1. Of all residues in segment 303-329, which are in a strand (DSSP E or B) and in contact with a His (Cβ under 9 Å, 6 or more places away or on another chain)?
2. Kindly list, by first and then second residue, each pair from a residue in segment 353-374 that is more than 18 Å from His403 (Cα to Cα) and part of a strand (DSSP E or B) to a residue that is open to solvent by 10 Å² or more (accessible area, probe 1.4 Å) and among the small types (Gly, Ala, Ser), limited to pairs with Cβ atoms under 6 Å and residues at least 6 apart or on different chains.
3. Given (1) out of contact with any Phe, Trp or Tyr (no Cβ under 9 Å at 6 or more places or on another chain); (2) surrounded by 13 or more Cβ atoms within 10 Å (Cβ to Cβ), identify the lone condition not met by Asp263.
4. Looking at this structure, is Leu199 open to solvent by less than 30 Å² (accessible area, probe 1.4 Å), closer than 30 Å to Asp319 by Cα and modelled with pLDDT of 85 or more?
5. Please find, among Asp317, Asp323, the residue that is touching a residue at least 40 places away in the same chain (Cβ under 8 Å) and surrounded by fewer than 17 Cβ atoms within 10 Å (Cβ to Cβ).
6. Could you list, in sequence order, the residues of segment 392-411 that are among the aliphatic types (A, V, I, L, M) and open to solvent by 50 Å² or more (accessible area, probe 1.4 Å)?
7. Among the residues of segment 156-173, count how many are surrounded by fewer than 19 Cβ atoms within 10 Å (Cβ to Cβ), closer than 20 Å to Val242 by Cα and hydroxyl-bearing (Ser, Thr, Tyr).
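The values are calculated or read from the model by the stated rules, or taken from the named source; none is laboratory data. Please read these numbers as outputs of a predicted model, since none were measured by experiment. Cβ placement follows ideal geometry from the backbone for every residue including glycine, while neighbour counts extend to all protein chains displayed. Each accessible area value is taken on the protein alone, full model and side chains, heavy atoms only, with ligands, DNA and RNA left out. Shrake-Rupley method; radii C 1.70, N 1.55, O 1.52, S 1.80 Å.
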Amino acid sequence: MSGRNNLIRLWFLAVDTRCHYSFLGLIWSLWPCILEGEFFLYPILIMAKSTNTTATAPPATATTAYSTGSAIVSWIDSILNRIPLPRWAIYTIFAVGAFLILLLIICCCCCCCKRKKNKNKEKEKIKLGTIKNNLTTSLVQPDIEGLQKSQENDYRGRLQYSVEYNYQREEMTVQVKQAASLKAMDSGGTSDPYVIVFLTNDSRKKHETKVYRKTLNPTFNESFTFKLLKSEVEDTSAVMQVYDFNRFSKHDVIGEVRLQLRDINLQHVIEEWKELSAASNTEYERLGEICFSLKYIPVTSKLIVVILEARKLKKMDNDGLSDPYVKVQLALNKKKWKRKKTAVKKNTLNPYFNEEFTFDVTLEQIQNVDLIISVWDHDKVNKNEQIGKLFLGCRSSGNALRHWSDMLAHPRRPIAQWHNLQSAEEIDKTLALKSHIKFPRPNR
């Protein structure tokens with residue numbers, strides 16, 4: 001017991017002296033103590049071996065502690081000599097074991113933290129089972145009576161028609177036969193219906209039937225023929241819109257039937273009834289596509305636009321072709337800034353340009369710049385007409401914004417992409433460009 005008491009005294013003495021020992025010495029000395037079951041004696045050993053002490057204890061006590069510690073250290077060395085392994089191997093094994101234990105502790109802590117976070121998220125979720133039955137039903141299941149009423153109000157009637165395509169002549173014949181149970185648009189419970197028929201490849205050419213007074217079940221039996229190339233069939237739709245005639249106000253749309261020709265077997269005559277659906281607010285018209293590349297060089301503040309080609313442009317001339325050219329315009333802070341244009345390509349709907357334009361745009365300006373690409377049809381006699389338009393910049397969306405972002409993310413690298421042309425009116429509304437301010441000239 002006296003030896004054990006001396007060891008305990010030596011432990012407290014070593015702690016008071018605030019001795020420092022290197023971490024490498026800790027690793028070298030701990031493993032033998034564990035092997036012999038003397039792990040609790042380890043702090044005494046390493047602190048007793050320290051020579052940089054600042055103890056304030058009496059000299060006699062310090063001498064006794066040092067002699068006891070040296071005896072224990074020699075005893076531990078004799079134990080290490082019995083192990084049939086070199087010292088560096090013992091120290092390495094202990095270091096690896098300590099590292100694995102530390103790694104295991106860290107993993108356990110991370111798992112516990114994740115479990116706590118998941119529990120908190122589950123508490124925040126609202127469970128439908130905790131809500132009353134009546135409230136749950138009203139949230140999940142709609143009112144059946146209201147749904148039936150809305151379906152009745154949305155019903156617009158039916159239309160019978162036939163569609164036939166002549167592959168030799170490349171002509172499409174649409175016959176409007178009759179309509180049934182049309183929606184009443186007038187105050188007297190009737191309508192004055194007529195039908196407008198057109199193809200989306202050229203919506204300017206529209207045909208319409210006669211107006212039938214005060215009836216909801218008119219019989220038309222009128223046929224209309226359209227010129228349609230075989231190459232345009234897949235991208236074209238046949239549209240039949242039923243209107244209610246008003247003498248002194250705007251005509252009301254009752255409904256429409258829209259047929260995707262690529263989904264129909266045109267080898268035979270198609271004749272069927274179809275329910276009318278709500279007409280789209282803005283008539284979709286295929287204006288064409290354009291391909292161009294963008295490259296921005298921040299060092300030289302250069303924005304390079306290369307107009308490559310366009311395809312499937314809208315027909316603008318009477319001969320079924322167009323004379324397209326492209327305008328490239330920059331707007332800064334919603335004001336028109338710079339503008340350039342390509343050469344005119346005669347009599348084609350698939351022009352190839354491959355023209356490059358360079359603009360000086362600083363890095364500060366690039367965040368507030370809108371790049372506007374517009375395709376025009378050149379006319380020698382009349383005014384030039386816009387075929388379609390689009391814009392790119394930080395205010396754009398969809399493919400246009402993705403193209404602009406890719407250009408900024410990859411400087412000095414040309415990024416090419418195809419874009420669908422849109423209506424010029426829609427783009428102008430979105431851009432809302434300000435006109436140039438003209439200052440009044442002073443009177444001379």
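1. Initially, segment 303-329 is screened for residues in a strand (DSSP E or B), giving 303-311, 324-329.
Pro324, Tyr325 - these are the residues of segment 303-329 that are in a strand (DSSP E or B) and in contact with a His (Cβ under 9 Å, 6 or more places away or on another chain).
2. Note: pairs meeting the criteria are Asp360/Ser301.
3. Result: Asp263 passes all but (2).
4. Details: open to solvent by less than 30 Å² (accessible area, probe 1.4 Å): yes; closer than 30 Å to Asp319 by Cα: yes; modelled with pLDDT of 85 or more: yes.
Judged against the criteria, Leu199 is a match.
5. Working: Asp323 fails: surrounded by fewer than 17 Cβ atoms within 10 Å (Cβ to Cβ).
Only one candidate passes the filter, namely Asp317.
6. Selection gives Leu401, Leu408, Ala409.
7. Result for segment 156-173: 2.
Conditions (1) closer than 21 Å to Leu303 by Cβ; (2) modelled with pLDDT of 85 or more, marked per residue:
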site	(1), (2)
Ser374	yes, yes
Glu385	no, yes
Leu390	yes, yes
Leu408	yes, yes
Asn420	no, yes
Leu431	yes, yes
Ser435	no, no
Phe439	no, no
